[in-house]
Amino acid sequence: MECTVSWTGNSGTRSGMGFIAETGSGHVVAMDGAPDAAKPENGGQNLAPRPMELLLAGTGGCTAYDVVLILKRGRHNVQGCSVKISSERATEDPKVFTKINMHFTVTGQGVPASAVERAIAMSHDKYCSASIMLGKTADITTSFVLVEA
């Protein structure tokens with residue numbers, strides 16, 4: 001897996017702390033820093049997600065993918081899955097994630113709560129590389145709600 005991240009600050013863009021990531025699969029993602037009122041030249045313009053936000057988004061995608069796939073393989077009629085992730089970070093550098101909560105909403109017909117709980121646990125404990133990595137610095141908790149379609 002590869003990714004090239006390039007600073008856009010010298011290319012005439014609006015933000016002095018903008019970056020473009022090009023993934024090995026050929027996709028492009030923009031990133032920007034938070035505005036810095038004390039030193040505007042060191043901050044972004046809030047034109048794109050922050051890198052740490054994308055880290056959470058990638059983790060959410062990884063774990064939601066697992067949950068849907070596990071439920072589908074179990075022949076459950078899953079029709080929707082979303083995960084809302086909230087986090088806390090250390091106050092000093094490196095500002096790693098220290099707490100992460102993943103709240104899943106799974107929609108389907110006749111999907112047992114036990115199957116959803118098992119799918120989330122399997123993702124968290126075995127399959128989701130991103131959450132397993134983040135679990136090295138953060139206390140990760142999960143919860144879910146099951147919505148009958």
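The values are calculated or read from the model by the stated rules, or taken from the named source; none is laboratory data. Nothing here was measured: the structure is a model prediction, and the numbers come from that model. Because the Cβ atoms are built from the backbone with ideal geometry, glycine has one as well, and the counts that use them run over all protein chains shown. Just so you know, the surface numbers come from the protein's heavy atoms only, side chains and all, with ligands and any DNA or RNA stripped out. Shrake-Rupley method; radii C 1.70, N 1.55, O 1.52, S 1.80 Å.
What residue, among those in the stretch 22-43 that are of a type outside the set (D, E, K, R) and within 19 Å of Met1 (Cα to Cα), is modelled with the lowest pLDDT?
Once the filter is applied, the top-ranked residue is Ala30.
Only one of Gly60, Gly44 is not basic (Lys, Arg) and not in a loop (DSSP other than H, G, I, E, B); which?
Being not basic (Lys, Arg) and not in a loop (DSSP other than H, G, I, E, B) holds for just one of Gly60, Gly44, which is Gly60.
Give all pairs with beta carbons closer than 9 Å in which a residue from the stretch 78-93 that is more than 17 Å from Gln109 (Cβ to Cβ) and at pLDDT 95 or above meets a residue that is outside any strand (DSSP E or B) and of a type in the set (Lys, Arg); count only pairs at least 6 apart in sequence or on separate chains.
Arg89/Lys95
Any residue that is touching a Lys or Arg at 6+ places or on another chain (Cβ under 9 Å), open to solvent by 60 Å² or more (accessible area, probe 1.4 Å) and either modelled with pLDDT of 95 or more or not in a helix (DSSP H, G or I) (or both) - is there at least one of those in the stretch 112-129?
Within the stretch 112-129 (the criterion being touching a Lys or Arg at 6+ places or on another chain (Cβ under 9 Å), open to solvent by 60 Å² or more (accessible area, probe 1.4 Å) and either modelled with pLDDT of 95 or more or not in a helix (DSSP H, G or I) (or both)), the answer is no, since none of the residues qualifies.
Could you please give the count of residues in the stretch 72-98 that are part of a strand (DSSP E or B) and either touching a Leu at 6+ places or on another chain (Cβ under 8 Å) or over 18 Å from Arg50 (Cα atoms) (or both)?
10
Among the residues of the stretch 2-41, write down those that are of a type in the set (Ser, Thr, Tyr) and assigned to a loop (DSSP other than H, G, I, E, B).
Thr8, Ser11, Thr13, Ser15, Ser25
Out of contact with any Ser or Thr (no Cβ under 8 Å at 6 or more places or on another chain), over 15 Å from His124 (Cβ atoms) and free of Cβ contacts under 8 Å to residues at least 12 places away in the same chain: which single residue out of Glu53, Glu41 fits that description?
Glu53
Could you check, for the stretch 1-17, whether at least one of its residues is within 27 Å of Lys84 (Cα to Cα), within 21 Å of the chain's Cα centre (by Cα) and surrounded by 14 or more Cβ atoms within 10 Å (Cβ to Cβ)?
Checked against the condition, which is being within 27 Å of Lys84 (Cα to Cα), within 21 Å of the chain's Cα centre (by Cα) and surrounded by 14 or more Cβ atoms within 10 Å (Cβ to Cβ), the stretch 1-17 yields no hits at all.
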